[in-house]
Amino acid sequence: MTTQHEQFDAIIIGAGHNGLVAAGYLARAGKKVIVIEQRDRVGGACTLEEPFPGFTMSPCAYVVSLLRPEIIRDLELHRYGFDAYVKDPQMFVPFQDGNYLFFRASTEKTIAGIRRLSQHDAEAYPKFLRFFERASEILNPILLEEPPSVADLAARFRGEDEEIYRYLMFGNLYDMLADYFESDYLRAAFAGQGVIGTFIGPKTPGSVYVMWHHMFGEVNGEQGMWGYVRGGMGRISFALAASAEAQGVIIRTNTPVAKILISNGRAEGVRLESGEEIRGSAVLSNAEPKRTFFQFCADADLDKGFLKRIANFKTESAVIKLNIALKELPNFTCLPGTAPGLQHAGSCDISPTPDWAQNAYEDAAHGELSQKPYIEAYMQSATDPTVAPAGYHTISMFCQYAPYHLRGREWSEAVKNEMADRIIATMSEFAPNFADAVLHRQVLSPVDIEQRYGMPNGNIFHGEITPDQLFSLRPTPECARYRTPVEGLYLCGSGTHPGGGVMGAPGHNAAQALLHDSSTQS
């Protein structure tokens, strides 16, 4: 039990991966740190659970790429059990006419597959990739820095790069795909990549940026790649926790926070729901911004204009997650077989027409469940047998759209099952054995994701990653650089620059902000 008299240099609310990253950096700088977590385990949405006996799954996060290599190095995560490998193919897209596309780890192999369907698009594909590679060259250096202003950001794109800025900030992916590709196959395959985790459609301005957000990462030094973490995504958080504890960080689970203690405009600690108080020189909140200010700082008498801006921070979500135990892998009509093959090794995207994701979005924009949902499915067990019993498999299905706010009804078990049945039926159109292969299923609606993992409205990024909510605007100008209107209170979660995903950058940057401030004050 921490005594009321013990003083910490930093109290971190939330043992999600960003909170653990912040703790690791602060402890390595000699700070006395405690991390307080309401759940029974670390990791937040990037953890491991066993929803069915013998099947290990990460409930929300499912693949790695965005985790910054600097963080992996600095916090020695490989020493503490982190082990990632590139998934190949990166993406498998089946089509209704029996054709399919593989997007391989090798660009040359990808081009060879595209050439079967369109010589023009085989030549256009490297140019398409180069657009995002150039965007990464410009933007990646600011991921581990305090965000630039919008004006300073624009100034980084000069000459020919101005076209990249225009596309990223104002363009929509649907039109961009039409500019690059003549084939509906290519346009269909990529359309969903501009909406992942975001309540927009491919025709919405900003969807090009959303696609870039999912392309700037790397795995084991291979740029732009996605991969699996051996044993499941929670191994990242477990490695971060072990690394932090080795530096003296105290991590307490099953310890919900009731409020942040504020005196004379300064954060001085936290009060737990148990009534216990923990005192510290600084508090870092890994909780999302609305919960931080409206719940933990409810009696802090904050500026009403600031609170209105926090309230207006867009956190709508339309994501539903299915975690499923299978007795056999999907047997795709276009590429038959239930033995692990290329069609099972990467992600399977159900996006067979250019308008598929847009139509799914338009259903949700009217408050309805998508008639034909966009599906991104991952079968990690096909390449990592440690996550399922011998002879069985897992599939993680990240699907859109299932709006948090439904028209005329509330989320219930019946609504969850209705959407899950629709998703399974859609998958079965491409793999007819799929429905019968399902042994168990866990259905996480946007409401479940909010309640279990602290994500507002089920938004996996703590707030939309559209251009109007990025850089010096995220989540508001007053706290975009991790400090807040409450002295000594910092934000370290995905609601700050550079946004969501298992990246660690917000935690790193918030820790650096605190270390900078404490060095200038001492």
Query raised in the report: How high is the FRET efficiency from residue 362 to residue 301, r the C-beta distance, R0 51 Å, rounded to 0.05?
Result: 0.75
Query raised in the report: Leaving out ligands, DNA and RNA, what percent of the accessible area of the range 49-117 is carbon and sulfur, probe 1.4 Å?
Result: 47 percent
Report task. May I ask you to list the residues of the range 455-473 whose amide nitrogen lies under 11 Å from a point 7 Å from Cα along the Cα→beta-carbon direction of residue 145? Result -> none
Query raised in the report: Long-range amide H contacts for residue 35: which residues qualify at under 5 Å (H placed 1.01 Å from N, peptide plane, sequence gap of 5 or more or a different chain)?
Result: 12, 250, 251, 252
Report summary line: Summing -39500 (n - 2.57) over every DSSP H run of at least 4 in the chain, dividing by its residue total and rounding to the nearest 500, the 222 nm mean residue ellipticity is -9500 deg cm²/dmol
Query raised in the report: Loop-only check: which trypsin sites (Lys or Arg not before Pro) in the range 138-209 are DSSP coil with at most 14 other Cβ within 10 angstrom?
Result: 156, 158
Query - Positive dipole terminus of the range 155-231, leading residue within 186, 174, 199 (C-beta point charges) - result: 199
Query raised in the report: Under the Karplus relation 6.51 cos²θ - 1.76 cosθ + 1.60, θ = phi - 60°, what is the ordered set of whole-Hz ³J(HN,Hα) values for the range 326-342, x standing for Gly and Pro?
Result: 10, 8, 7, 6, x, 9, 6, 4, 6, 8, x, x, 10, 6, x, x, 4
Report task. With an 8 Å cut-off on Cα pairs and a minimum separation of 6 or more residues, tell me the relative contact order of the range 417-522 in percent. Result -> 16 percent
Query raised in the report: Given a Förster radius of 35 Å and the C-beta distance between residue 333 and residue 414 as r, what FRET efficiency does 1/(1 + (r/R0)^6) yield to the nearest 0.05?
Result: 0.70
Query - Dimensions (Å) - the chain, Cα atoms, principal axes, largest first - result: 68, 57, 50
Report task. Place a +1 charge on the Cβ of each Lys and Arg in the chain and a -1 charge on the Cβ of each Asp and Glu, then give the dipole magnitude about the Cα centre in debye, rounded to the nearest 20. Result -> 600 debye
Query raised in the report: Tell me, what HN-Hα J-couplings in whole Hz come from the Karplus equation 6.51 cos²θ - 1.76 cosθ + 1.60 at θ = phi - 60° for each residue of the range 386-395, using x for Gly and Pro?
Result: 6, 8, 8, x, 4, x, 10, 9, 10, 9
Query raised in the report: Between residue 73 and residue 436, what length in nm is gained on full extension when 0.36 nm per residue of separation is reduced by their alpha carbon distance?
Result: 126.3 nm
Query raised in the report: At q = 0.12, 0.14, 0.17, 0.18 Å⁻¹, what is the log10 ratio I(q)/I(0) for the range 205-298, with the Debye formula run over Cα points and no solvent?
Result: -0.66, -0.82, -0.96, -0.99
Report summary line: With a 1.4 angstrom probe the carbon and sulfur portion of accessible area for the range 305-365, in percent, totals 51 percent
Report summary line: Along the range 263-274, Karplus-curve 3J(HN,Hα) (6.51, -1.76, 1.60; θ = phi - 60°) to the nearest Hz, with x for Gly and Pro, reads 9, 6, x, 10, 6, 10, x, 9, 10, 7, 4, 6
Report summary line: Amide H proximity to residue 326 below 5 Å, modelled H, separation 5+ or other chain, gives 393, 394, 395, 439
Query raised in the report: With helices defined as uninterrupted DSSP H runs, which ones in the chain have an alpha carbon span along their own long axis of at least 27 Å and mean Kyte-Doolittle hydropathy of at least -1.0?
Result: 119-139
Query raised in the report: Rounded to the nearest 5, what % of the DSSP beta bridges within the chain are antiparallel ones?
Result: 70 percent
**Report entry** Rg/Rh (Cα only; Kirkwood hydrodynamic radius) as it applies to the range 301-435
**Finding:** 1.09
Query raised in the report: Solvent-accessible area per residue for the range 317-411 at a 1.4 Å probe radius, Å²?
Result: 33 Å²
Query raised in the report: In a solvent-free Debye calculation with one equal scatterer on each Cα, what is log10 I(q)/I(0) for the range 113-183 at q = 0.15, 0.21, 0.25, 0.26 Å⁻¹, listed in the order of the q values?
Result: -0.59, -0.94, -1.15, -1.21
Query raised in the report: How large, in percent, is the carbon and sulfur part of the accessible surface of the range 402-522 at a probe radius of 1.4 Å?
Result: 49 percent
Query raised in the report: Could you give the dipole magnitude of the range 10-169 about its Cα centre, charging the beta-carbon of Lys and Arg +1 and that of Asp and Glu -1, in debye to the nearest 20?
Result: 240 debye
Report task. Express as a percent, rounded to the nearest 5, the fraction of DSSP beta bridges in the range 1-148 (both residues included) that run antiparallel. Result -> 55 percent
Query raised in the report: Check residue 268: other-chain or 5+ apart residues with amide H under 5 Å from its amide H, H built from backbone geometry?
Result: 261, 262, 263
**Report entry** Total formal charge among the other residues, if their Cβ is under 11 angstrom from that of residue 7, Lys/Arg +1 and Asp/Glu -1
**Finding:** -1
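The values are calculated or read from the model by the stated rules, or taken from the named source; none is laboratory data. Since the model is a prediction, treat every value here as computed from it, not as a measurement. Neighbour counts run over all protein chains shown; Cβ positions are idealised from the backbone, glycine included. Accessible surface areas use protein heavy atoms only, side chains included; no ligands, DNA or RNA. Shrake-Rupley method; radii C 1.70, N 1.55, O 1.52, S 1.80 Å.
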